[in-house]
1. Compute the distance from the alpha-carbon center of region A:1-53 to that of region A:273-289, in whole Å.
2. In nm, give the distance between the simple-model label positions of B:N110 and A:V350, each being 7 Å from the Cα along the Cα-to-Cβ direction.
3. Region A:4-56: which trypsin sites (Lys or Arg not before Pro) are DSSP loop and have at most 12 other beta-carbon atoms within 10 angstrom?
4. Taking only complete DSSP H runs, can you tell me which helices of chain A stretch 20 Å or more along their own long axis by Cα positions and average at least -0.5 on the Kyte-Doolittle scale?
5. Extending each Cα 7 Å along its Cβ direction at B:F43 and B:V125, get the distance between those two points in nm, one decimal.
6. Enter the per residue convex hull volume of region A:146-300, computed from alpha-carbon coordinates, in Å³ rounded to the nearest integer.
7. Please state the equivalent ellipsoid semi-axes for region B:1-73: what are the square roots of 5 times the Cα gyration tensor eigenvalues, largest first, in whole Å?
8. Run through region B:64-127 and list the trypsin sites (Lys or Arg not before Pro) located in a DSSP loop whose Cβ has at most 10 other Cβ atoms within 10 Å.
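What follows is calculated from the coordinates using simple rules that are stated; it is not laboratory data. Because the structure is predicted, anything quoted here is derived from the model rather than measured. Heads up, the Cβs are rebuilt from the backbone with ideal geometry, glycines too, and the neighbour counts pull from every protein chain shown.
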Amino acid sequence: MSESLVHNVLVPFVKGLLTVILVATAAGILTWIERRGLGRLQIRKGPNRVGPAGFFQWIADVVKLVFKEDVVPSRAEKVIHLLGPLLLFMPAVVVLGLVPWGPELTLFGVTTPLHAAADVNVALLLILAVSSIGVYGIILAGWSSNSKYPLLGGLRSAAQLISYEVPMGFAVVAAVLMAGSLSMVEIIEAQKEAGVWFVFPGLVAFFLYFVSGVAETNRTPFDLPEAESELVGGFHTEYSGFRWAIFFMSEYGNMISIGAVATTLFFGGWLRPFPNVAWLSFLDVVPAFFWFAGKVFLFLLVYIWFRATFPRYRFDQLMALGWKALIPISLGNLFLVALAALWGAAGLKVLGAVLVLLVAAGLVAAWRRPARASVTTRMAAEKVEVRA
Amino acid sequence: MSFLDRVLLLDIFAGLRVTARHAGRKADTIEYPEQSKEPSERFRGMFRLDEERCIKCTLCAIECPINIIYIDWHTEKTPEGKAEKKLDRFDLDMKRCMFCGLCEEACPTNPRSIWLATKTYELGVYERDEALYLDKAKLTKWDGNVKPYPGVDPDKAPANPAKEK
């Protein structure tokens, strides 16, 4: 086989295939992790019947979903009904393909950078563009079902995703300003050169990215599009069988891709902690890919932790948070980061140090203030009468 | 909320802390067929009738709000020449019972001759009419009619968290 055939056809094909398989499998395993994790946090057990610690539960679920009848509502828009889940699933895979998983890998005599797709020099722009296609998936799925609840869910989702794309974009721009590049690989290299992960100077930007990421993936506390208690299943009410499974996979796939992008932008991608400190070089024993995967996994755990903790926002609260809090904060943060980036690498370090110190000082101040009186004491002080 | 609370989102972190602390706790789940729950002292379970104590006054049948108790008796002469009521039937339609306990309260004997205090709650059956229409024989000899769940080996069942407490 000729060299160019291997590099231009075989390697991309294998990598693309691996990415799709990885997203699908990881989504399945994540459902198990999520159900077990939620069980732990809620003092119950979660699935524990199928296989050791219930691990094969997700396989049983997949098998069930594949063999389930695929019902399409009779008055639905058939083609678009089919297109909806695919439009939602595709961006998750593509985004994960654009994120570098490691520097370079030599396997079977072929050396290739560890991306699924190429190292695009405007990768971040492409990621934002592709991931916004997911909105079409949701709203088309909601509309084509020809039913009230999916339509409401789809509309909610469209409003929510468009609102939260703005602070997310600004947060990403902050990272771009710090790195001076739109290429994912160069952003990671810039973090290595600056000697500091961009979470520290970009503390606010990271927070904004994470919160809007939760909103973009429709996870609790922002899971309004599929609010079970209000909208039955939201946009996927009329879906069943494997089409529904694709929605499910794309939710988890989107979680993974948001986590992967956050890792790349703010946590140094495949870099080990403190990539410039020489005496920590024993950490290089762990291959770069596992640093990357470990960081993404931590993100996913935090997602699950959030789901176990927070109740759902009301829709007007969600919009108020997006437009009145996150967008102004992101603009102010952009200004700060731009100033620091103008100064150069030293500016980033100073900004990072200042932010970390401010947060630490605030935490200490909060820790040292007098404890708030309990509810009963306050009610007694305010003479609130409790009806028996 | 104070300024610090608002800027540092302390309430959010307090919430996360609460759930994180629960992660270390042991699950409270009772895995039913293998493990079973010990009901509390005041639990109203299956009926039990003591024929020796019963004076056939039918107060329980009268008190029952949905009339599911049917009592029948005849009189016999004892060797001393006294008349004594003998219980013929004491039927109780369990499938309509709502466990209100009024029959138990109405019973004039001390100790009571009908009571719900057996801690049996496994009342699931396959044939309603046979299993839940209780006659005298079933009510007096009641010690749980539930067969063990098929496929459960009691020796291999996991430890019961409720019983350890």
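1. Cα centroid to Cα centroid, the span is 26 Å.
2. 9.1
3. Numbers: sites: A:K15, A:R35, A:R36, A:R40, A:R44, A:K45, A:R49; in loops: A:R44, A:K45, A:R49.
Sparse-neighbourhood loop trypsin sites (Lys or Arg not before Pro): A:R44, A:R49.
4. Details: long enough: A:11-41 (42 Å, 1.10); A:78-98 (31 Å, 2.06); A:148-179 (46 Å, 1.05); A:241-266 (38 Å, 0.92); A:288-309 (32 Å, 1.54); A:327-343 (24 Å, 1.95); A:345-368 (34 Å, 1.91).
In chain A, the long hydrophobic H runs are A:11-41, A:78-98, A:148-179, A:241-266, A:288-309, A:327-343, A:345-368.
5. 2.0
6. Numbers: hull volume 18.4 nm³, N = 155.
Convex hull of Cα atoms, per residue: 118 Å³.
7. Working: eigenvalues 655, 74, 17 Å².
Sorted largest first and rounded, they come to 57, 19, 9 Å.
8. On the way: sites: B:K77, B:K82, B:K85, B:K86, B:R89, B:K95, B:R96, B:R112, B:K119; in loops: B:K82, B:R112, B:K119.
Taking region B:64-127 and a limit of 10 other Cβ atoms within 10 Å, the loop trypsin sites (Lys or Arg not before Pro) found are B:K82.
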